[in-house]
1. Cβ-Cβ distance below 9 Å, separation of 6 or more or different chains: which pairs start in region 145-158 with a residue that is closer than 16 Å to Gly41 by Cβ and end on one that is assigned to a helix (DSSP H, G or I) and at pLDDT 85 or above?
2. Consider only pairs whose beta carbons are under 8 Å apart and that are at least six residues apart or on different chains; among these, list those whose first residue lies in region 114-135 and is of a type in the set (A, V, I, L, M, F, W, C) and whose second residue is part of a loop (DSSP other than H, G, I, E, B).
3. Just to check your reading of the model, which residue among Leu109, Leu102, Leu88 is under 20 Å from the mean Cα position of the chain (by Cα) and in contact (Cβ under 8 Å) with a residue 60 or more places away in the chain?
4. Looking at (1) modelled with pLDDT under 85; (2) at negative phi, can you tell me which one Arg113 breaks?
5. Assess whether Leu36 counts as being surrounded by fewer than 19 Cβ atoms within 10 Å (Cβ to Cβ) and either modelled with pLDDT under 90 or closer than 28 Å to Met115 by Cβ (or both).
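The values are calculated or read from the model by the stated rules, or taken from the named source; none is laboratory data. Given the structure is predicted, the values throughout are model-derived calculations rather than measurements. Note that each Cβ is placed from the backbone with ideal geometry, even for glycine, and that neighbours are counted across all protein chains shown.
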Amino acid sequence: MVTRKIIAASWTVPLYALLLSIVEFSQQTLMETSFLESVSGFLLLCTIYMAYSFPIILTYGVVTSWFSDWVAKRFSSERIQSFTSIVLHILFGLVLSWLSLLAAILFFLIDRRLMNRMTLTKRAAIKSFFIPIGCLLVMMGSVYLIGVVQDFFVRFNSI
């Protein structure tokens, strides 16, 4: 079960960062910014959210999700185990209000989706770490390349 939780955490992090960035970025006004600056700002925001949420979701999320499922299995009938588990996920997700609630619900949904899969190995859990790390590197590289392109156009236009 812990390997499934680790894989769920690895998938939750980029999705959570992307959704949170969309919500946060849509609230900002995009006045007087170019398209490249907007994309760069969005990717930078997504990178920051991913970098900060990854260790938290990997530790707190895995532990509380495991505990929620354990309590649901131990103290609930088979018919209401999922309901008990989602209620506990929501309660643990309310630690930081809606910010962590979004992550808890995403974690629960991804975990339930993975539950229907065949056996998940420890090797798959280790490989799943490449999902958030790879997304983080791609976003950081994209922000850097956008900065290089913007500098090129600024210098090219000044000639």
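1. Note: pairs meeting the criteria are Ile146/Leu43.
2. Close Cβ pairs satisfying both conditions: Leu114/Leu120.
3. After ruling out the rest, the residue left standing is Leu102.
4. Here Arg113 meets the rest and fails (1).
5. On the way: surrounded by fewer than 19 Cβ atoms within 10 Å (Cβ to Cβ): yes; either modelled with pLDDT under 90 or closer than 28 Å to Met115 by Cβ (or both): yes.
Yes; evaluated as a whole, the condition is true for this residue.
Condition check ((1) closer than 25 Å to Gln81 by Cβ; (2) surrounded by 11 or more Cβ atoms within 10 Å (Cβ to Cβ)) across all residues:
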| position | (1), (2) |
| --- | --- |
| Arg112 | yes, yes |
| Asn116 | yes, no |
| Leu120 | yes, yes |
| Phe129 | no, yes |
| Cys135 | no, yes |
| Met140 | no, yes |
| Gln150 | no, yes |
| Ser158 | no, no |
